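Peer 1: First, the structure itself, so that you have it in front of you.
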Amino acid sequence: MTKNITLAHGNGGEENNELIEGVFYKHLKNDYLKKSEDASLIEGGRLAFTTDSFTISPLFFSGGDIGKLSICGTCNDLAMMGAAPKYVTLAMMIEEGFEMKTLDKIVRSIKKELEVCGAVVVAGDTKVVPRGSVDKLFINTSGVGVVELEGISASNLSVGDAIVVSRDIGAHGAAIYANREGIDIESTLKSDCASLWPMVKALKDAGIKPKEMRDATRGGLAAVLNEWAKASDVCIEVEEASIPIAQEVKGICELLGFEPTALANEGTFVLALDPKDVEKTVEVLKTFEQNEQCTMIGTVTDEYKQKVTMTSEWDTKRFLDMPTGELLPRIC
Amino acid sequence: MPKQELDLFKVFRNPEHMKALAKLIKKESKTKIRVMEVCGGHTHTIMKYGIPQILPDTIEFVHGPGCPVCIMPKERIDHAYILSQQPDVIMVTLGDMIKVPGSHGSLAQARSKGADVRFVYSPLDVLKIAKENPEKKVIFFAIGFETTTPMTAALVDQVVKLGLKNVLFHINHVTVPEVMKELLDSRDEHVDSYNNRIDAFIGPSHVSVITGSKVYEQFPEKYKRPVVVTGFEPIDVVEGILMIVRQVNDGRADLENQYKRSVSYDGNTTAQAFINKYFDQKDLFKWRGLGNIPKSGLKLRDEFAHLDAEKIYDDVLPKEEIEDHKLCICGDILRGMAKPTDCQVFGTACKPNKPIGSCMVSSEGACAAYYKYGGVLR
């Protein structure tokens, strides 16, 4: 490992995993953490518990803001364990000089998103730090949810399972990058930032039991599939043409040299399902407006264990690897 | 019903066309052809779209030295690192360059230790950084082939016109025809003859938009090597290969242009004039793995020497040559002598997140492309 933390250590991919293994697991690993799930199941599996911190520039972006994101992020981690979000803590680190009006707007956005998830804030904390100590505003949220769908785990995948993605991928990553200072791409693209619990609840109400679900946040679809392939010791084979990607996302990726599969999402999840559940799942998820492109993208096999392959429309195959490094635009 | 959207890429990635072109190549290709794709963008396309998987064994890709990050010798990266450590300096460069390790580390590591290192997508963004930080020196570490050189020239132009006093340049621009010539001309004890390794060239896409296809005339004429200037899309590459196969079958060596939608014979003459106004050829430029190549690199013209960070910081910048890592064979790979998989540290000690050699650093480097996409390919 390098001597200092680099931005690559926060990428949700390989270096991030090295940091977790090399520092945090080294000292703190236990039965809960070693499962590496989105949220830990506690109290005999009745409750799910998780935490997440949020820093984003710009604070307000097309499709959301840091407040909405801080609720979606934590509540989605609970929802992905089949838990209904109930109780949330909210901690804010605010830079001296931050506009009161902006803070109020962010907190209003938090309130609105809590209503969507059905959760409440039960504890909070604020720290104000001298100018320059944080970039405007950092938020940490933790959440507790009540498990309503049991038995969801990254080690559940078996040969023959179907892989479904809830909507077109990469919108958040592409929108944020386009909005970033120094890139200045004009685009109508909106982040996919959204709460997923209502969708999971709809699946539950329809009697569907996914084997595994995960929201494809940092590291994107590629990271989720690679984590599953490893955790379940299987191969995941996806068809490139079946992965829904918006034209705007494709365009930004082409310009900057990114892979849509490595871009972050904040309201897109991937499911591993018994193949007989696919049709119903897609039907249920499509009742949500943003999931118009929900579709099956691949299957679980045992061809290349712990690997993800992607087949092109002209039948060539390549590995879809864990994203590595900091996302940097290509040079020419 | 899904929305009807304009698809900008489909036409260049149409599976029926891909399969049909591959079928024609299989039918027509009779003799073994070693095709060098000079440009890293092509290497990326070839690996990403699995093009060798649909072509017959007669077509062998020899990956060329056309990735601006990969050919950057450690000496130059050390310059960038050292400049970033100078007081009141903001070091600015283009994306990928931040990750390349020199002997002190990469610019990303310099940044994590407190240096002010930034990347821009467009060199003109340097103007904004310079205006916002009048008390700092902003050094633009300029890299790239003919594609990015005009953008640097445009920045120099603005700095001169606006009379900005706090922008300096460290120029590492290199040119394609000179290195192609070197590959065909050079002989040393290491290799009997590169000459025999390359039967035909796929000419770069974006570089040729600027230079025009005229710069490759010498290769069919003098060296009897077919050159087909080809676009970056998978269908472009496969069509380019078909054109090469047909030249070889006919016993021809011609300069052809598959990428007509963007490349003309004369190229972008405005950009060329801009380059000539501000830059001059260096007598020698050292390429990683290839050594010193005459006239292959650019420098600021003498009248703009006051903007040249290499001159201003001359006393702190080392001049010694640095050997490449013993186990790394990037040099052979850049010369088309070896494949990434021939390297004993490939994918083990050398990976994209901790590269030993430069070919693993940039996504356009042959090693990075093999690592990322290569496992299933033949």
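The values are calculated or read from the model by the stated rules, or taken from the named source; none is laboratory data. Just so it is clear, the structure is predicted and the values come from calculations on it, not from any experiment. Neighbour counts run over all protein chains shown; Cβ positions are idealised from the backbone, glycine included.
Peer 1: Out of A:Asn156, A:Asn226, I need the residue that is of a type in the set (S, T, N, Q), more than 30 Å from A:Gly124 (Cβ to Cβ), in contact (Cβ under 8 Å) with a residue 40 or more places away in the chain and buried (at least 20 other Cβ atoms within 10 Å of the Cβ). Which one?
Peer 2: Residue meeting the stated conditions: A:Asn226.
Peer 1: So which residues in the range B:33-75 are closer than 15 Å to B:Ser363 by Cα, touching a Leu at 6+ places or on another chain (Cβ under 8 Å) and at the interface with chain A (Cβ under 8 Å from one of its Cβ atoms)?
Peer 2: B:Met47
Peer 1: Can you pull out the residues in the range A:1-46 that are in contact with a Gly (Cβ under 7 Å, 6 or more places away or on another chain) and more than 20 Å from A:Thr217 (Cα to Cα)?
Peer 2: Of everything in the range A:1-46, just one residue is in contact with a Gly (Cβ under 7 Å, 6 or more places away or on another chain) and more than 20 Å from A:Thr217 (Cα to Cα), namely A:Met1.
Peer 1: Looking at B:Lys30, B:Lys26, which one is part of a loop (DSSP other than H, G, I, E, B), more than 30 Å from A:Ile183 (Cα to Cα) and either at pLDDT 90 or above or more than 9 Å from chain A (Cβ to nearest Cβ) (or both)?
Peer 2: One residue alone meets the criteria, B:Lys30.
Peer 1: Does A:Lys286 satisfy the condition of being within 13 Å of chain B (Cβ to nearest Cβ) and more than 16 Å from the chain's Cα centre (by Cα)?
Peer 2: So A:Lys286 fits the description; yes.
Peer 1: Here's a follow-up. Restricting the range A:294-324 to residues that are more than 7 Å from chain B (Cβ to nearest Cβ) and polar (S, T, N, Q), which is farthest from A:Ser242 (Cα to Cα)?
Peer 2: For the range A:294-324, the residue satisfying everything is A:Gln306.
Peer 1: Could you say whether any residue in the range B:352-372 is more than 21 Å from B:Val38 (Cα to Cα), buried (at least 17 other Cβ atoms within 10 Å of the Cβ), in contact with a helix residue (DSSP H, G or I) (Cβ under 7 Å, 6 or more places away or on another chain) and more than 14 Å from chain A (Cβ to nearest Cβ)?
Peer 2: no
Peer 1: When you check B:Thr147 against the structure, is it under 19 Å from A:Leu256 (Cα atoms), within 14 Å of chain A (Cβ to nearest Cβ) and not small (Gly, Ala, Ser), yes or no?
Peer 2: yes
Peer 1: Next question, about the same structure. Quick one: would you say B:Arg111 is among the basic types (Lys, Arg), in a strand (DSSP E or B) and modelled with pLDDT of 90 or more?
Peer 2: In short, no.
Peer 1: Another question, then. Working only within the range A:172-199, note down all residues that are touching a Leu at 6+ places or on another chain (Cβ under 7 Å), among the aliphatic types (A, V, I, L, M) and under 20 Å from A:Lys112 (Cβ atoms).
Peer 2: A:Ala175, A:Met199 - these are the residues of the range A:172-199 that are touching a Leu at 6+ places or on another chain (Cβ under 7 Å), among the aliphatic types (A, V, I, L, M) and under 20 Å from A:Lys112 (Cβ atoms).
Peer 1: May I pose another question? Kindly provide the set of residues from the range B:119-128 that are more than 9 Å from chain A (Cβ to nearest Cβ) and in a helix (DSSP H, G or I), ordered by number.
Peer 2: B:Val126, B:Leu127
Peer 1: Given the condition touching a Lys or Arg at 6+ places or on another chain (Cβ under 7 Å), closer than 17 Å to A:Ala194 by Cα, surrounded by 13 or more Cβ atoms within 10 Å (Cβ to Cβ) and modelled with pLDDT under 95, answer yes or no: does some residue in the range A:102-111 qualify?
Peer 2: Looking for residues that are touching a Lys or Arg at 6+ places or on another chain (Cβ under 7 Å), closer than 17 Å to A:Ala194 by Cα, surrounded by 13 or more Cβ atoms within 10 Å (Cβ to Cβ) and modelled with pLDDT under 95, one finds none in the range A:102-111, hence no.
Peer 1: When you scan the range B:132-148, do you find a residue that is part of a helix (DSSP H, G or I) and either β-branched (Val, Ile, Thr) or surrounded by 17 or more Cβ atoms within 10 Å (Cβ to Cβ) (or both), even just one?
Peer 2: Checked against the condition, which is being part of a helix (DSSP H, G or I) and either β-branched (Val, Ile, Thr) or surrounded by 17 or more Cβ atoms within 10 Å (Cβ to Cβ) (or both), the range B:132-148 yields no hits at all.
Peer 1: Still on this model: Given the conditions (1) touching a residue at least 12 places away in the same chain (Cβ under 8 Å); (2) over 22 Å from B:Ile33 (Cβ atoms); (3) out of contact with any strand residue (DSSP E or B) (no Cβ under 6 Å at 6 or more places or on another chain), which single one is not true for B:Ile235?
Peer 2: Unmet condition: (2).
Peer 1: Same structure again: Restrict the check to the range A:94-101 and report whether at least one residue is hydrophobic (A, V, I, L, M, F, W, C), part of a helix (DSSP H, G or I) and either at pLDDT 95 or above or surrounded by 21 or more Cβ atoms within 10 Å (Cβ to Cβ) (or both).
Peer 2: yes
Peer 1: Output the helices (runs of 4 or more DSSP H) that fall wholly within the range B:221-336 and possess 1 or more residues being among the aliphatic types (A, V, I, L, M), over 18 Å from the mean Cα position of the chain (by Cα) and modelled with pLDDT of 95 or more, or say none.
Peer 2: B:234-250, B:269-278, B:309-312
Peer 1: OK, next. Report the residue count in the range A:150-171 for those that are out of contact with any strand residue (DSSP E or B) (no Cβ under 8 Å at 6 or more places or on another chain) and either of a type in the set (Asp, Glu) or assigned to a loop (DSSP other than H, G, I, E, B) (or both).
Peer 2: Going through the range A:150-171 one residue at a time, the tally reaches 7.
Peer 1: Please give the number of the condition B:Pro87 fails out of (1) within 14 Å of chain A (Cβ to nearest Cβ); (2) out of contact with any helix residue (DSSP H, G or I) (no Cβ under 9 Å at 6 or more places or on another chain).
Peer 2: Every listed condition holds for B:Pro87 apart from (1).
Peer 1: Report the residue count in the range A:3-44 for those that are in contact with an Asp or Glu (Cβ under 7 Å, 6 or more places away or on another chain) and more than 14 Å from chain B (Cβ to nearest Cβ).
Peer 2: Adding up the residues that qualify gives 2.
Peer 1: Which one of A:Leu327, A:Leu255, A:Leu273 is more than 13 Å from every other protein chain (Cβ to nearest Cβ), in contact (Cβ under 8 Å) with a residue 12 or more places away in the chain and among the aliphatic types (A, V, I, L, M)?
Peer 2: A:Leu273
Peer 1: On to the next question. Can B:Asp116 be described as touching a residue at least 24 places away in the same chain (Cβ under 8 Å) and either surrounded by fewer than 23 Cβ atoms within 10 Å (Cβ to Cβ) or away from chain A (no Cβ under 14 Å) (or both)?
Peer 2: Taking the combined requirement at face value, the residue satisfies it.
Peer 1: Have a look at A:Glu248, A:Glu254, A:Glu303, A:Glu326 and point out the one that is over 21 Å from A:Gly160 (Cα atoms), in a loop (DSSP other than H, G, I, E, B) and of a type outside the set (A, V, I, L, M, F, W, C).
Peer 2: Answer to the selection: A:Glu326.
Peer 1: Working carefully through the options A:Thr51, A:Thr55, A:Thr2, find the one that is surrounded by fewer than 19 Cβ atoms within 10 Å (Cβ to Cβ) and modelled with pLDDT of 95 or more.
Peer 2: So the residue among A:Thr51, A:Thr55, A:Thr2 that is surrounded by fewer than 19 Cβ atoms within 10 Å (Cβ to Cβ) and modelled with pLDDT of 95 or more is A:Thr51.
Peer 1: Does the range A:176-190 contain at least one residue that is within 27 Å of A:Met310 (Cα to Cα), of a type in the set (Gly, Ala, Ser), in contact (Cβ under 8 Å) with a residue 60 or more places away in the chain and in contact with a His (Cβ under 8 Å, 6 or more places away or on another chain)?
Peer 2: Scanning the range A:176-190, I find no residue that is within 27 Å of A:Met310 (Cα to Cα), of a type in the set (Gly, Ala, Ser), in contact (Cβ under 8 Å) with a residue 60 or more places away in the chain and in contact with a His (Cβ under 8 Å, 6 or more places away or on another chain), so the answer is no.
Peer 1: Right, A:Thr261: at pLDDT 95 or above, of a type in the set (S, T, N, Q), out of contact with any Lys or Arg (no Cβ under 7 Å at 6 or more places or on another chain) and part of a strand (DSSP E or B) or not?
Peer 2: Taking the combined requirement at face value, the residue does not satisfy it.
Peer 1: Then there's this: Which one is nearest to the chain's Cα centre (by Cα) among residues in the range A:195-204 that are farther than 15 Å from A:Val165 by Cα and surrounded by 21 or more Cβ atoms within 10 Å (Cβ to Cβ)?
Peer 2: Residue satisfying both the conditions and the ranking: A:Ser195.
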